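For reference, the structure is listed below as structure tokens.
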Amino acid sequence: MVILSVWAVVLLGLPLWWKTTRVYRAELPYDSIEQWNQWKTCRPRFPIRVNLHLPETEQQQSGETPTLKDITQGVTSRVQEMRAAQGIKGPLLAVEFIAGNPWKGPTNHIIDAIVQTSDAVFESEEKILWQLLDTNEDTQGIHKVQDQLKTVKYAPGYQLTFSLFSGDASNGVREWKMQEAINAYLAPFINTMSMVSKFTIESQIQHYASLTFTPQLENGSQEHFLTPDSLPNFINAAEWSLASTVSSLPSLNFLTYVPKPSESPLVIKTTQSAPKSSTNSFLIPRWGGVAILNREAERTKGTQEHPELITIQELEPVMRVFLAQLRDLLGVTDLSTSSSPSFPIVFHKSLSEAPTTWELDSLLRRRSAENLVDSLATISSLARLVRNTPNMVVLDHIQKDVTEALRDIARSCEHLSRQEYVEALAASRDGLVKSETAFFDPTMVSMLYFPDEHKYAIYMPLFVPISVPLLMSLLRELKRLKEKKKQAKQNKDSETSESTHDKQE
């Protein structure tokens, strides 16, 4: 009975032990993830509504006045023919034209003009969108263009850090009017871009910021110059304080360097005999930009009341350089045509430094596409990791984050189809945040480095010494029961034989 009671405890305790040591894994929506990777649930489309003004002139030939429907159908059929000839089944950009004035000229002429214009203007953007929405792991990232390589990854917010580094105290720089310069040259751009990302701005001044090398000297002009080979070593990361300790947002650094008098003027050249750079600056992809500000001692001391102060007028060329670099880093591309139509196409610039509505819409479309692809890539990586790691914990809130991320992706796709680009970007941003939250959840790695081999190594020293005597006692008990059963059978046979013998007598 003692042995049976011990074994009963063991048999009843095994399911309890298995239940308490089992890793909890909430089921992820694998089928939905696979369908989204193939864009079967929703294929993103980017409709564009263009106001088309068709002025009537005396030189136009008289004829039947086509309706807007006729022009739209003619443009659609012509674009489809071009796409079919190029091997493209369906364009991502669905351009819809709205006529502002009636057209009384030949229909074919206006259709040809519209098709050439739309193809020249939207072809490059459509090509980029096709590359961004490529979810095939074998080809994804192969066709990245140069603009994508220098553009920072999208984030809901960025920190802009403007730093003034002075070569030494002998150049007399003590202060700069950066706040006023930002309000004058960058505020319109930042205010308009706030619908895409939020910005926090800080500035700093650091003295005795010497270079790690000595610039070369050109004897003819007595100018010190930097070559492209020396630019990667320009940032003295060991001594220059560039990292922010206040914000956790991605940082974009814009550095103004004032060389010391012994190295001034300092210019940038491709070679010693080449002309110097017109902007005297360079861009560091996905990091920021650097501008060199040369201050002639005679001019600052003779014409300024406070030569230790860098005025807004001195900062104007630097701020214009920073504005151009900020546009490149954030992905605000200048409007251009990818082909040469038979007539000139002129893009109107904004009166202020802010991006135009066209540039902003293009950026919203690209950023939405990037967020959608990044969200799906993160969720797919999470699904593969969970499948390949049986001991990984998947709690209910991780499942919820993945499900809500897929819902946000669907919501962004719907907003894109309705030309609601701001709402589409917000939904894609929510999906990206939730997918990354699920992927980097700290509870998922709690059992990642605790495989079954570790369980065996922990439990075997405990169970083996206990199981050996239990098994031996069980074997002895079974052997005793077997012998007892055999002895009982023999006694029964002997009794049967004796009773038979008595009856015969």
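Whose amide H sits under 5 Å from the amide H of ALA26, counting only residues 5 or more places off or on another chain, with H placed in the peptide plane?
VAL394, LEU395
If I model a spin label as a point 7 Å beyond the Cα along the Cα-Cβ vector, how far apart are those points for LYS484 and ASP229 in nm?
Reported label-point gap for LYS484 and ASP229 is 9.6 nm.
Taking θ = phi - 60°, what integer Hz values does the Karplus form 6.51 cos²θ - 1.76 cosθ + 1.60 yield along segment 472-478, in sequence order, with x for Gly and Pro?
5, 5, 5, 5, 4, 5, 5
Would you please give the residues with an amide H less than 5 Å from that of LYS198, counting only those at least 5 places away or on a separate chain, with H modeled from the backbone geometry?
GLY157, TYR158
Return the subset of LYS19/LYS482; LYS153/LYS198; LYS40/LYS400; LYS40/LYS127; LYS198/LYS269 for which the Cα-Cα distance in this structure is over 24 Å, preserving the input order.
In this structure, LYS19/LYS482; LYS198/LYS269 lie more than 24 Å apart at Cα.
At what distance in nm do the modelled label points of THR212 and ALA237 sit from each other, each positioned 7 Å from its Cα along Cα→Cβ?
0.8
Give me, ordered by chain and number, the residues 5 or more places off ILE48 or on other chains with an amide H under 5 Å from its own placed amide H.
So ILE48 has HN proximity to ALA94, VAL95, GLU96.
If I take R0 = 25 Å and measure r between the Cβ atoms of TRP39 and LYS400 in this structure, what FRET efficiency does the formula 1/(1 + (r/R0)^6) give, to the nearest 0.05?
After rounding to 0.05, the efficiency reads 0.55.
Ordered by packing density, taken as the mean number of other Cβ atoms within 10 Å over each peptide's residues, highest first, how do 29-35, 417-423 rank?
417-423, 29-35
If you count only protein heavy atoms with a 1.4 Å probe, what accessible area per residue comes out for segment 157-330, rounded to a whole Å²?
Computed with neighbouring chains in place, this is 48 Å² per residue.
The values are calculated or read from the model by the stated rules, or taken from the named source; none is laboratory data. All values reported here derive from a predicted model rather than from experimental measurement. Ideal geometry is used to build each Cβ from the backbone, glycine not excepted, and the neighbour counts take in all protein chains shown. Ligands, DNA and RNA are excluded from the accessible area calculation, which covers all protein heavy atoms including side chains. Shrake-Rupley method; radii C 1.70, N 1.55, O 1.52, S 1.80 Å.
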